[in-house]
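Undergrad: Quick one: the structure is below, questions incoming.
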Amino acid sequence: MKKSYIVAVLLAAVIFISVLVIDSGHEPNPDPERTIEHEAPSGPGVVSDYIDSPTLTDHQVALNDLYVKIPYQKRDIVLTKRTTDKYIIVDITSQDTGELLYTYGETVDNGKEKLVFREVPTKEGKARLQMVVDIDSEAGLIRKVVETKVVYDPQPDKVGNETISAISRSGEFPAENVEVLASLYLNWGNESQDLYEGYEIGIIEK
């Protein structure tokens with residue numbers, strides 16, 4: 001009887017430990033309010049021809065559902081489109097020098113919430129200025145800005161005075177155009193850098 005009791009206790013202990021190991025392998029339940037995961041673009045992506053929209057001006061570059069405004073005219077730059085499993089990315093390079101001027105990206109899906117970003121070179125790598133916007137494609141309006149965020153690669157030793165915000169160009173929402181602005185102080189120990197960067201987006205007319 002005593003031997004059977006010991007065996008039963010040992011069996012119960014093994015089952016309990018097995019359950020703990022199985023449970024620890026599962027990811028926690030995602031936040032139901034969070035609809036877009038903030039991840040860095042993975043890999044170089046599949047390169048394809050950039051196709052412009054006839055509704056855009058010479059200073060507007062198409063991403064997916066959104067466009068970005070740039071200070072250059074399209075005849076002076078080269079536009080290269082890359083597609084990953086999560087993003088459509090456009091690299092903008094100088095036609096004269098081949099220098100990479102800007103990199104922008106937008107989530108591939110056609111849902112109402114869109115993540116859009118701009119990569120900004122830093123002394124040690126890059127920073128991504130990104131925002132999530134809620135859009136009405138039919139009306140051509142951005143209903144609201146859900147979130148703004150800076151993602152660093154690599155992460156600086158110290159980030160001071162980090163300010164990132166998005167505003168409606170008309171002063172109210174819904175808006176045709178939204179601008180994101182970031183003011184950052186970055187420090188990697190021996191290197192430091194002040195950044196003040198931003199960009200403006202709108203919705204491509206269908």
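Undergrad: If I model a spin label as a point 7 Å beyond the Cα along the Cα-Cβ vector, how far apart are those points for T163 and N110 in nm?
TA: 4.0 nm
Undergrad: Enter the mean projected area of the convex hull around the alpha-carbon atoms of the stretch 81-206, in nm², rounded to one decimal.
TA: Convex hull of Cα atoms, orientation-averaged projection: 9.0 nm².
Undergrad: If each residue of separation counts as 0.36 nm, what is the full-extension length gain between V78 and A139 once their alpha-carbon separation is subtracted?
TA: 18.9 nm
Read the figures in this text as sums done on the coordinates, not as results from a lab. Not measured: the values here are computed from a predicted model. Cβ: placed from backbone, ideal geometry, glycine included. Neighbour counts: every protein chain shown.
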